[in-house]
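The values are calculated or read from the model by the stated rules, or taken from the named source; none is laboratory data. Everything quoted here is computed from the prediction, not taken from an experiment. Using ideal geometry, Cβ is built from the backbone for each residue, glycine included, and neighbour counts are taken over all protein chains shown. Note: accessible area is taken over every heavy atom of the protein model, side chains too, but ligands, DNA and RNA are not part of it. Shrake-Rupley method; radii C 1.70, N 1.55, O 1.52, S 1.80 Å.
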Amino acid sequence: MTAHKKSDAYRYASGGWGSLRAVATVLLKEEALVTTSRALAHQNKPDGFMCVGCSWAKPAHPHPFEFCESGAKATAWDMTSKRVAPDFFEQHTVSELEQWHDHALEDAGRIVAPMRYDAITDRYVEVKWERAFAEIARELQAIEPDAAVFYTSGRASLETAYMYQLFARMYGTNNLPDSSNMCHESTSVGLTEAIGVGVGTITLDDFDKTDLMFFFGQNVGTNSPRMLHQLQDARLRGVPIITFNPIREPGLVSFVNPQSPTQMLTPGATQISTQYHQVKAGGDSAAITGICKALIAADDRALAEGGPRVVDAAFIAAHTVGYEAFAAYVREMSWEKIESTSGLTREALTGVADEYARANAVIAHFGMGLTQHRLGVQNVRMVVNLLLLRGNIGKPGAGPSPIRGHSNVQGQRTVGITEKPALAPLDKLAEQFLFEPPRNEGMSTVDACRGVIDGKVRAVLQLGGNLVRSVPDRYAIEPAWRKLRLTVGIATKLNRSHLVHGEVSYILPCLSRIEIDERAGVAQAVSMEDSTGCMHGSRGVATPASDRLLSEPAIVAGIAQATLGTRSTIDWDAWSNDYALVRDEIACTWPEIFHDFNERMWTPGGFHRPLPARERKWKTTSGKAEFIMPETLDEDPDMPARDATDMRLFTVRSDSQFNTTIYSLDDRFRGIRGSRMVVMINARDIARLGLAAHAQVSLEAVSPDGHTRRVDGMEVVPFDLPDGCVAGYFPECNPLIPLSHHAKQSKVPAAKAIPVRVIAA
Ligand SMILES: Nc1nc2c(c(=O)[nH]1)N[C@H]1C(S)=C(S)[C@@H](COP(=O)(O)OP(=O)(O)OC[C@H]3O[C@@H](n4cnc5c(=O)[nH]c(N)nc54)[C@H](O)[C@@H]3O)O[C@H]1N2
Ligand SMILES: Nc1nc2c(c(=O)[nH]1)N[C@H]1C(S)=C(S)[C@@H](COP(=O)(O)OP(=O)(O)OC[C@H]3O[C@@H](n4cnc5c(=O)[nH]c(N)nc54)[C@H](O)[C@@H]3O)O[C@H]1N2
Ligand SMILES: [Mo]
């Protein structure tokens, strides 16, 4: 199949009619037009449900339709009228389903009954919930607690997450990896070291007060489109936006508001980025060094000439450590090195510094383009260095803004989902629930994969997620996964991780957050934390897909009760029938954040957690905000020397997917249609490598361990990228990422700079 026969890339601004058409297409295909349309009226409203898509902030005064194309697709995907009932497995064996495309698996519909794998018939068969809980409990009791892994994808609520971490710890392990381990963990590590909080410090109010925004490696039009409303408002006030991204992403270029009749009917789109720099993948530390170098040079001149300072000297003196060493480092670094590593010119970076120096309050947004690198933590800390130079943390309109992924990924960390014992209030939990929590370090996602490969891990429970597709090194992972003793998937839809299963395997289907969750005759609500640290209540509005589904809290309680029995002081039944009781316990564990949780959760716009860095209180080792010197500007100091045919592959999402959930094979914004097995390369590199547009090629990883990692059947698509960089899709390219190729301090797989060769077929 030839993707991208005719290049129609960049014809559209993001949003606009194309966006509405795309939503309608999904609604019709999922046969969910009426239910979804009704549900959408309640999406992200103070009395409604919080979108199951991204984690962008929900305003106190929402638009009449506070959703975007991506959010509407995510809702339609859950509201589908298609069903995977037990008769589905009467028609299809697991071996047969393994031949299906990932898209077709999820598109089969909502799973409606708990099921157990039956090896004799090679099918999943329906079981009673009680029997499932009892057998899972028996399996867990038969192994060492540290041989079990309790993964969480970032969608589950604060209540579910709190119960899940407590269960794992009472059972005896800190093996609580979550999707953050593949995502913003570089942010959590980097920001905590630098400013003493692991999350962004801005709120929606800051958009009205900022006078410049940076965008590093985040694709707003696809991955957090509701944010385009705030960006558009800021642009209409004349606020410049400076973007660093190897691809000219349409959502970062311009936007037509699909909810504004005048914009929809006139040709005018709002320009989003006022400067766009196509940095090389992995070149951000170098680019930021260049900006800082120009800024500090201007400051040195000002000092010599007696002019006004360019850096915020008073802030630096009062609030930071490490400035002198950092300034010496950037003065010393050559422009030649900066230009070759970033792919950007001295002139361009000096232009950025000039614009930055004119702004009084600056926000820096960033995403996976910074965090998913060997030096992902350093990248985040370089953003902090840049902000600290001009006092841009802890004042209105300024601060770091990591844009989180899943709708509650940040919140799960807040309520104790972490493999790092130091980050969980273990003493408090011990006192509150009268047990001795394990104190040893648990496994991150990468550690858990290593444990599965080595045979140390025997059981993997997934609260959401699709690990065999989302993690690196697929060809090593899949065979190892099949050797597990126990796999349990708490899920809404069928996915690859249910087919690549352990000896004993269960699929436990749960309610979606969009659905009415009635327990003991009372409609329950849950809560989550958005990207700006605000907590929101969420109440389902739609009729459940089946009356055999249980809620996530009820499933976690069921497994916990069966596994822990009298060892636990908790009345799991009571919790699963009244989530307000769980919120009371959360408030007791973290009173500063969650006091009066049950009342405050319905505050319009959410209630904000206290963040010391916002008040310029620095909970770091030095008690100040900390500059660091980069270890190196090269994107991967540990890779073998390259030859001229080595390329850097970065993996991206399309507008038709939510992580491993693929809604369609089209990538409308990038103009690629009908196939995701593509490799985007610029015309110069196509010629240099002796390839041709639309040629069939293989990608082969340049691996440090000598193993061959290869993906065949890719099509070359000419694309506007920096020299030496190629782009492909997540998760199709995941077999190419060595498990060891991850961020040094945070272990986030380095999915944005994978050394590869492109080989003609
Ligand atoms: N519709 C939709 N929404 C989503 C998701 C989804 O799959 N679909 N996923 C959710 C999740 S879990 C997450 S984490 C977020 C992810 O949202 P993002 O953080 O936007 O992640 P990506 O789409 O992986 O890539 C981000 C951008 O980084 C750029 N990039 C790649 N390498 C580099 C680099 O070295 N430097 C710079 N400066 N840029 C680079 C890419 O071109 C791309 O535009 O979105 C969330 N929202
Ligand atoms: N190469 C490459 N790899 C990457 C990335 C990348 O950019 N490039 N990004 C990484 C990132 S940022 C992330 S966050 C991970 C994501 O990795 P995962 O967390 O493993 O995957 P998801 O695709 O988010 O999970 C999808 C599944 O969750 C289940 N699900 C959906 N809704 C619900 C619900 O309400 N409840 C429950 N219990 N289950 C539900 C469905 O069964 C669905 O199939 O992937 C990472 N992997
Ligand atoms: Mo993510």
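Just checking, which of Val468, Val446 is without any contact (Cβ under 8 Å) to a residue 60 or more places away in the chain, under 22 Å from Phe650 (Cα atoms) and either open to solvent by 10 Å² or more (accessible area, probe 1.4 Å) or within 13 Å of ligand 2 (Cβ to nearest atom) (or both)? Please lay out each step first, then the result.
Numbers: Val446 fails: without any contact (Cβ under 8 Å) to a residue 60 or more places away in the chain.
Only one candidate passes the filter, namely Val468.
Residues that are open to solvent by 20 Å² or more (accessible area, probe 1.4 Å) and in the same structural domain as Ala108 (by TED's automatic domain parsing): which helices (runs of 4 or more DSSP H) entirely in segment 22-91 hold 1 or more of them?
Helices (runs of 4 or more DSSP H) meeting the threshold: 86-91.
Just the residues that are within 16 Å of ligand 3 (Cβ to nearest atom) and not small (Gly, Ala, Ser), please, taken from segment 419-455. Walk me through how you get there before you give the answer.
Within segment 419-455, the first condition is being within 16 Å of ligand 3 (Cβ to nearest atom), and the residues that meet it are 444-446.
Across segment 419-455, the qualifying residues are Thr445, Val446.
So which residues in segment 685-710 are open to solvent by 10 Å² or more (accessible area, probe 1.4 Å), farther than 15 Å from Ala644 by Cα and of a type in the set (A, V, I, L, M, F, W, C), if there are any at all?
Hits for segment 685-710 are Ala692, Ala693, Ala695.
Return yes or no: is Leu649 touching a helix residue (DSSP H, G or I) at 6+ places or on another chain (Cβ under 7 Å), open to solvent by less than 10 Å² (accessible area, probe 1.4 Å) and within 16 Å of ligand 2 (Cβ to nearest atom)? Working first, answer last.
Values: touching a helix residue (DSSP H, G or I) at 6+ places or on another chain (Cβ under 7 Å): yes; open to solvent by less than 10 Å² (accessible area, probe 1.4 Å): yes; within 16 Å of ligand 2 (Cβ to nearest atom): yes.
Yes.
Where residues in segment 171-197 are open to solvent by 20 Å² or more (accessible area, probe 1.4 Å) and more than 16 Å from Ala751 (Cβ to Cβ), which of them is nearest to ligand 1 (Cβ to nearest atom)?
Of everything passing the filter in segment 171-197, Ser188 is nearest to ligand 1 (Cβ to nearest atom).
Name every residue in segment 676-720 that is more than 26 Å from the chain's Cα centre (by Cα) and hydroxyl-bearing (Ser, Thr, Tyr), in order of residue number.
Within segment 676-720, Ser698, Thr708 qualify.
Scan segment 662-681 for residues that are closer than 25 Å to Ala750 by Cβ and either buried (at least 20 other Cβ atoms within 10 Å of the Cβ) or aromatic (Phe, Trp, Tyr) (or both) and jot them down. If you could, list the steps in order and put the result at the bottom.
Filtering segment 662-681 for residues closer than 25 Å to Ala750 by Cβ gives 662, 667, 669-670, 672, 676-681.
Of everything in segment 662-681, those that are closer than 25 Å to Ala750 by Cβ and either buried (at least 20 other Cβ atoms within 10 Å of the Cβ) or aromatic (Phe, Trp, Tyr) (or both) turn out to be Ile662, Asp667, Phe669, Arg670, Ile672, Arg676, Val678, Val679, Met680, Ile681.
Could you list, in sequence order, the residues of segment 107-144 that are part of a loop (DSSP other than H, G, I, E, B) and surrounded by 16 or more Cβ atoms within 10 Å (Cβ to Cβ)?
Within segment 107-144, the subset part of a loop (DSSP other than H, G, I, E, B) is 108-109, 112-114, 119-122, 127-128, 142-144.
Within segment 107-144, Ala108, Gly109, Val112, Ala113, Pro114, Val127 meet the criteria.
Residue by residue through segment 335-359, note down the ones that are open to solvent by 50 Å² or more (accessible area, probe 1.4 Å) and not in a helix (DSSP H, G or I).
Initially, segment 335-359 is screened for residues open to solvent by 50 Å² or more (accessible area, probe 1.4 Å), giving 336-337, 339-340, 345-347, 354, 358.
Hit for segment 335-359 is Thr345, nothing else.
Of the numbered conditions (1) buried (at least 24 other Cβ atoms within 10 Å of the Cβ); (2) without any contact (Cβ under 8 Å) to a residue 24 or more places away in the chain, Met382 satisfies every one except a single condition; which is it?
Going through (1) buried (at least 24 other Cβ atoms within 10 Å of the Cβ); (2) without any contact (Cβ under 8 Å) to a residue 24 or more places away in the chain one by one, Met382 breaks only (2).
Among the candidates Gly172, Gly196, Gly109, single out the residue that is in contact with a Phe, Trp or Tyr (Cβ under 7 Å, 6 or more places away or on another chain) and over 30 Å from Ile247 (Cβ atoms).
Working: Gly172 fails: in contact with a Phe, Trp or Tyr (Cβ under 7 Å, 6 or more places away or on another chain); Gly109 fails: in contact with a Phe, Trp or Tyr (Cβ under 7 Å, 6 or more places away or on another chain).
Only one candidate passes the filter, namely Gly196.
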